[in-house]
């Protein structure tokens, strides 16, 4: 679809989302930034043409992070077509301190507005920064994976729910709390199931803080209770995961060959149905 191995847009891509018109959004990591995705690029899926939507080094689009190492950890689209993106940044010298935010970004102009400041206690839970994994529920609430910041004295592996109007954060599922069932660390990836809005999250084994995220959890959207859906170390469930980074849920009307539903006359229409 689009080759990021050569030309002006050379570099890595992390995460993606497709808007209602069929355009693909992705986090783009230019080589000069050491693999840190500092831009969101939009790709025309018919031609492969790419443009930069929002660049963290461009002050005309909002807050900039030229002072430090900063990168988009993930992105998702709201029903209106606006982008919500999590950002993590840290100053590479002096005392170790990493900080996280969630921004709302105009998908046409790239303008960034701060929605949730993870250091602001007035907006809720603090002491953690976004990790890979952000999703928008049908209610419009925003889900974000997080992990403890460098200065946090205790583990803080938490699935956060953010109010889209106020940016206020609430802990939906605390993966360090055994009262909410199996523990997990290094949260990575989020997907939403259509039925009952249940949430799928990847995580690592808490027995080792450096463990790769190779466990899949199913989370109750009301209580935050967790069940272990797929255990990478269980050979009865199939081959092991190497590293869970992104997750998607396959629609019911699909098989290994593709979608069973009748093809649409619009080649760019989403197989998941119309945007509501």
Ranked from fewest to most other Cβ atoms within 10 Å of their own Cβ, 118, 33 fall in the order 33, 118
Residues of segment 120-142 with the amide nitrogen closer than 19 Å to a label point 7 Å from the Cα of residue 195, along Cα-to-Cβ, please. 138
For 44, 234, what ranking results if the residue with the fewest other Cβ atoms within 10 Å of its Cβ goes first? 234, 44
Given q = 0.07, 0.10, 0.15 Å⁻¹, what are the Debye log10 I(q)/I(0) values for the chain, with equal point scatterers placed on the Cα positions and solvent ignored? -0.25, -0.53, -1.22
Computed over segment 12-253: relative contact order in percent, which uses C-alpha pairs under 8 Å that are six or more apart: 10
Using the 10 angstrom Cβ neighbour count as an exposure proxy, how do 89, 243, 28 rank, fewest first? 243, 89, 28
Give, in nm to one decimal, the length gained when the segment between residue 179 and residue 5 is fully stretched (0.36 nm per residue of separation minus the Cα-Cα distance). 58.0 nm
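No value in this document is a laboratory result; all are computed from the given coordinates. In this text the structure is predicted, and so the values were computed from the model without any measurement. Positions of Cβ are generated from backbone atoms using ideal geometry, with glycine treated the same way; all protein chains shown enter the neighbour counts.
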